[in-house]
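Following: one structure in structure tokens, then a few remarks.
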Amino acid sequence: QEQLVESGGGSVQPGGSLRLSCVASKIDLSTYTMGWHRQAPGKHRELVATITGPEITNYRESVKGRFTISRDYANKTVYLQMNSLKPEDTAVYSCNARGRTREYWGQGTQVTVSP
């Protein structure tokens with residue numbers, strides 16, 4: 001069964017860093033656009049970053065220069081390196097694989113940024 005499992009969330013102070021990981025099972029990363037999304041309490045889910053094709057990346061404006069998405073084909077893992085974290089980055093972060101006809105989601109990992 002296809003599966004995405006995230007890890008790496010936690011609590012950090014403003015200015016800190018975290019690296020999220022998303023391990024894919026039975027999903028060929030090379031044929032999917034991989035993305036990280038987040039949802040804060042009381043807010044809609046929003047797209048944070050995507051990586052597709054020959055390492056084409058896109059980021060929402062508020063995380064540009066602070067977050068980096070990457071993927072390791074050998075380990076079937078997608079990463080989200082988050083630096084200079086801010087309280088407004090607090091949310092549940094979920095990994096997503098989007099193909100032509102199928103889409104998969106992970107269960108999410110909590111990121112909390114507070115003094």
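Within the stretch 70-104, the set of residues being open to solvent by 10 Å² or more (accessible area, probe 1.4 Å), part of a strand (DSSP E or B) and either closer than 20 Å to His44 by Cα or of a type in the set (A, V, I, L, M) (or both) comprises Val92, Ser94, Arg98, Glu103, Tyr104.
Looking at this structure, is Gly35 in contact (Cβ under 8 Å) with a residue 24 or more places away in the chain and assigned to a loop (DSSP other than H, G, I, E, B)? Here the answer is no, as Gly35 does not meet what is asked.
The values are calculated or read from the model by the stated rules, or taken from the named source; none is laboratory data. Computed from a predicted structure; not experimentally measured. Glycine gets a Cβ as well: all are built from the backbone with ideal geometry, and neighbour counts include every protein chain shown. To get the accessible areas, we keep the full protein, side chains included, count just its heavy atoms, and leave off ligands, DNA and RNA. Shrake-Rupley method; radii C 1.70, N 1.55, O 1.52, S 1.80 Å.
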